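What follows is a set of notes on a single structure, which appears directly below.
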Amino acid sequence: MSAIYSNYFLNSLSAQDLALLSPDLKEMIFNHGDVLAEAGAPIRTIYFPESGMISMVVELSSGDRLEAALIGRSGMLGAGVAFDSKTYLNVAIVQMPGKGFAMKASALTKAAEASETLRVALFRQEQYLLAQAQQTAACNAKHQIPARLSTWLLRVRDASREEDLALTQEFLGQMLGVQRASISLVAATLQDAGLIRYRRGHVRITDLTKLEVTACECYAALRVQYKRLFPDTEMTAPK
C-alpha cells in the first residue's frame with residue numbers, strides 16, 4: 001500500500017486501487033455546520049473524513065431535520081456517483097468538525113471504471129448507508145427515547161472514533177426527531193445512572209457496557225451489518 005490514511009475506507013484498499021485515487025485526493029478541513037451536499041444537487045465532490053462526523057439528514061417542509069445515516073472515518077460521501085447516481089438524495093452536514101480528503105466525482109468515476117475491486121468497495125459503502133437509513137426508520141417508529149439516544153450516542157462514538165462528543169441538546173433533539181425538553185430529561189437520567197457525563201455542548205460516555213445494555217437492538221443490528229460488509233475493518237472507537 002502506497003500510503004496510510006486515517007480514513008479506514010481508503011486504508012482498506014489494495015495498493016493498486018489506492019494508486020487510482022491518491023493523485024486526486026486533496027486535504028480539507030470539515031467545519032461544524034458545513035453543508036457538503038444538498039438534496040437534488042449534482043454530485044461533484046467526494047469526501048473522505050479522517051475525523052469528525054457527517055450527518056445525512058432528511059429535511060421536512062416544516063424545516064425539521066431528521067438524521068438517516070452517519071458518516072465517519074470508516075466511510076465516505078458520494079460513492080453512488082460510481083454507479084451513475086447523478087444527484088444527492090439528502091442533505092449532508094458536518095456535525096462534528098474534523099479533517100479529511102476530497103476529490104472530484106469525475107475522478108472517482110474514472111477510477112471505478114478501471115477497477116472491479118474498487119467498484120465492489122464503493123458499492124458496500126452505499127449498502128451500509130442504506131442499511132443505516134432503514135434501521136433508523138424502524139428505530140424511530142418503534143423504540144423509546146432513552147434506548148434511541150443510547151444507540152445514537154454509541155453510533156456517533158463509533159463513527160467519529162472520539163470519546164468527547166460535541167453535541168448540543170438542540171442538535172440531539174433534531175437528529176432524533178424529539179423535543180429538546182425530552183432530550184434534557186433523558187440525558188439527565190443517563191447521567192444520574194453513571195452512563196454518560198454531560199456538560200453544555202459535550203457528551204462523554206463513562207460506562208460503555210451499561211450504555212450498550214440501555215441501547216435498543218438497532219445498535220447491535222447495525223454492527224452486524226457493518227461486519228458483514230467490512231469483515232476486515234474494526235468500527236469501534238478506542239477505549
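All of the numbers you see were taken from the coordinates with simple rules; none came from a lab. Note that the structure is predicted; figures quoted are calculated from it, not measured. In this analysis, Cβ positions are derived from the backbone assuming ideal geometry, glycine residues included, and neighbour counts consider all displayed protein chains.
Only lysines eight or more places from Lys99 in sequence, or on another chain, were considered; those with a Cα closer than 17 Å are Lys26.
Determine which lysines satisfy two conditions relative to Lys210: a Cα distance under 25 Å, and not lying fewer than 8 residues away in the same chain. The qualifying lysines are Lys142, Lys227, Lys239. For a paramagnetic label modelled on Arg228 (point 7 Å from Cα along Cα→Cβ), amide N atoms under 19 Å away belong, within the range 103-122, to 120-122.
Working from label points 7 Å from Cα in the Cα-to-Cβ sense, the Asp164 to Asn11 distance is 2.2 nm. Working note: Karplus 6.51/-1.76/1.60 with θ = phi - 60° gives the range 181-196 the couplings 4, 5, 4, 4, 5, 5, 4, 5, 5, 5, 5, 4, 7, x, 7, 9 Hz, where Gly and Pro are set to x.
Given the alternatives (i) 54, 40, 30; (ii) 56, 43, 37; (iii) 47, 37, 37, Cα extents along the principal axes in Å as computed for this entry is given by (i). Of all aspartates and glutamates in the structure, the ones whose alpha carbon falls short of 12 Å from that of Lys104, not counting any fewer than 8 places away in one chain, are Asp24. For the peptides 64-71, 225-232, 191-198, residues were scored by their other Cβ atoms within 10 Å and the scores averaged per peptide; the highest-first order is 64-71, 191-198, 225-232. The string of couplings for the range 149-161 from the Karplus curve (6.51, -1.76, 1.60, θ = phi - 60°) is 5, 4, 4, 5, 4, 5, 5, 5, 4, 5, 5, 8, 6 Hz, one whole number per residue in order, with x for Gly and Pro. Only helices enter the 222 nm calculation for the chain: every DSSP H run of n ≥ 4 contributes -39,500 (n - 2.57), and dividing by all residues gives -13500 deg cm²/dmol, rounded to 500. Measuring r between the beta carbons of Glu59 and Gln134 and using R0 = 25 Å, the FRET efficiency lands at 0.85. Scoring 151-160, 15-24, 171-180 by mean Cβ neighbours within 10 Å over their residues and listing the highest first yields 151-160, 171-180, 15-24.
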